[in-house]
Amino acid sequence: MYTIKTLNAISPVGLAKLPKNLFEVLVDSDAPDGVLVRSANMLDTEFKPNLLAIARAGAGVNNIPLERCSEQGIVVFNTPGANSNAVAELVTGMLIAGSRNLAAAAQWTAGLKGDPDMAKNVEKGKKQFVGGEIKGKTLGVIGLGAIGAKVANNAIHLGMEVYGYDPYISIEAAWSLSGKVHHCVNLNDMLPLCDFVTIHVPYLPTTKDTINAQTLSLCKDGVRILNYARGELVNNDAILEALDSGKAGAYLTDFPCEAVLGHPGVVCTPHLGASTPEAEDNCAEMAATEISDYLRNGNITHSVNMPEVSQPRAGGKRICIIHKNEPGMISQITGLTTAGKLNIENMVNKSKKDMAYTMLDVTGAVDPQIAQKLAAIPAIIRVRVL
Ligand SMILES: NC(=O)c1ccc[n+]([C@@H]2O[C@H](COP(=O)([O-])OP(=O)(O)OC[C@H]3O[C@@H](n4cnc5c(N)ncnc54)[C@H](O)[C@@H]3O)[C@@H](O)[C@H]2O)c1
């Protein structure tokens with residue numbers, strides 16, 4: 001029986017992934033085997049030696065002390081992409097909302113309250129908000145990860161011509177992408193083709209101001225820019241100047257700030273992208289599945305501090321070893337399993353920066369002392385026999 005401590009309210013959909021016969025889920029536990037957390041600050045939390053894993057229901061992990069977790073052999077998981085449908089749906093909606101000027105139109109219409117000539121004024125006033133359909137228009141997607149790929153696919157279904165730019169696209173994202181998305185190897189070649197441009201890359205020093213005066217100058221006149229990734233990816237001065245000159249037709253963003261709020265052509269939402277109950281359920285479900293598979297089988301999926309290692313069990317016992325990424329580890333480990341007359345049915349060893357993980361499926365009589373013997377090797381941090 002494993003004990004899981006929840007530090008925040010975790011969706012019941014997620015907790016349902018932890019069967020009651022195998023897991024005891026508690027709000028209060030002094031020495032849990034695993035922790036499920038959303039935003040609670042764990043930076044100063046002291047970890048008991050038996051804590052094996054922390055799973056964050058969400059993408060960011062800046063509330064968890066990663067270095068300390070690695071040193072103590074605690075695997076930290078997150079849930080990348082679990083909120084991608086929520087963001088992609090909002091962006092897809094905003095493509096249409098932006099094209100039809102819905103935000104300004106709704107605001108203007110609200111001002112008609114109490115107008116005795118409402119019906120007449122509705123017909124008279126609507127001209128100023130008329131916007132085009134998105135079917136047949138071109139969309140450029142910068143970043144084809146979990147969110148960008150879904151946005152691209154949605155736009156294809158809505159009849160748009162879609163171009164995609166992502167020099168580092170993952171195999172998983174590439175498989176999920178519609179074959180109708182045109183692949184662009186150069187951002188500068190893609191921008192002049194697009195009526196709409198949407199950005200879905202992480203914010204890094206190298207992606208700051210991806211949309212700037214130079215990239216905007218390459219765009220079609222009247223281009224509509226959507227930014228539901230991070231405010232810093234679009235240079236505020238450049239986008240406001242482009243709106244004023246007519247170079248840009250609209251700037252739709254989830255990141256309001258003093259500089260852009262209220263500027264004509266800007267539509268801001270209050271960081272609503274991932275804020276859906278479904279996204280919360282998805283994150284909790286993924287986090288619970290990851291922690292369960294690690295505690296029960298030693299498999300590591302979506303860890304931020306350990307390598308990805310996941311294998312079906314090959315029978316017999318499974319020995320899971322977290323160790324430093326140093327030369328000579330495999331020979332030291334297999335030296336002990338050979339001395340213990342164990343036959344290795346399957347072995348995987350992977351590293352991530354300074355950390356490494358070795359998982360062996362072995363048959364033969366496993367000496368109950370093997371874990372202690374392995375743990376006595378200086379670079380080995382944690383050993384489990386499952
Ligand atoms: N509005 C919200 O509430 C909300 C919610 C979730 C995520 N986000 C933001 O959306 C971003 C994307 O999320 P995701 O889940 O799709 O991430 P992801 O990691 O699945 O995808 C990011 C993609 O960007 C690509 N990329 C990186 N640098 C690039 C570059 N210079 N040019 C082109 N492509 C590049 C990567 O190869 C990857 O495919 C996140 O970084 C986050 O900032 C916003």
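Per-structure values
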item	result
Between segment 243-266 and segment 351-383, the Cα center-to-center distance that results, in Å	56 Å
Förster radius 30 Å - calculated FRET efficiency between ASN121 and ASP244 (Cβ-Cβ, nearest 0.05)	0.55
Mean projection area, nm², convex hull over Cα of segment 52-172	11.9 nm²
Out-of-range pairs (alpha-carbon distance over 19 Å; input LYS220/LYS247; LYS317/LYS353; LYS324/LYS373)	LYS317/LYS353
Accessible surface of the chain, 1.4 Å probe, proportion on carbon and sulfur as whole %	54 percent
Sites excluded, GluC sites (Glu not before Pro) in DSSP loops with at most 14 other C-beta within 10 Å, longest stretch of the chain	134-257
Largest-first principal axis extents of the Cα set of segment 74-118 (Å)	67, 21, 10
Pair ALA106, ASP209: separation of 7 Å Cα→Cβ label points (nm)	3.4 nm
Whole-Å distance, taken between Cα centres, linking segment 123-164 and segment 308-327	46 Å
Quotient of C-alpha Rg and 2.2 N^0.38 Å, computed over segment 220-285	1.30
Inter-probe distance in nm under a simple model that places probes 7 Å from Cα toward Cβ, at LYS113 and ASN325	5.9 nm
Residue order for CYS219, CYS257 - accessible surface, 1.4 angstrom probe, largest first	CYS257, CYS219
Whole-percent pair-distance distribution, where bins are 5 Å wide, for the alpha carbons of segment 275-386	2, 12, 21, 22, 18, 11, 6, 4, 2, 2, 0
Two-site label geometry, SER170 and LEU66: point separation in nm, points 7 Å out along Cα→Cβ	1.4 nm
Accessible surface, 1.4 Å probe, highest first, among residues TRP108, TRP175	TRP175, TRP108
For segment 187-344: Kirkwood Rh in Å [reciprocal of mean 1/r, alpha carbons]	20.0 Å
Calculated log₁₀ intensity ratio I(q)/I(0) where the Debye formula runs over C-alpha points of the chain, q = 0.06, 0.11 Å⁻¹	-0.33, -0.88
Dipole moment magnitude, nearest 20 debye, segment 224-352 about Cα centre, only Lys, Arg, Asp, Glu C-beta charged	1000 debye
Where only C-alpha atoms are counted, convex hull volume of segment 36-101 per residue in Å³	92 Å³
Relative compactness, segment 1-118, computed as alpha-carbon Rg over 2.2 N^0.38 Å	1.65
Excluding exposed DSSP-loop trypsin sites (Lys or Arg not before Pro) (at most 13 other C-beta within 10 Å), longest clean stretch of the chain	209-340
Efficiency of FRET between ASN343 and ALA375 - r from beta-carbon atoms, R0 35 angstrom, step 0.05	0.95
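The values are calculated or read from the model by the stated rules, or taken from the named source; none is laboratory data. All values reported here derive from a predicted model rather than from experimental measurement. Cβ coordinates were reconstructed from backbone atoms using ideal geometry, including for glycine residues, and neighbour counts include every protein chain displayed. We work out accessible area using only protein heavy atoms, side chains counted, and drop any ligands, DNA or RNA first. Shrake-Rupley method; radii C 1.70, N 1.55, O 1.52, S 1.80 Å.
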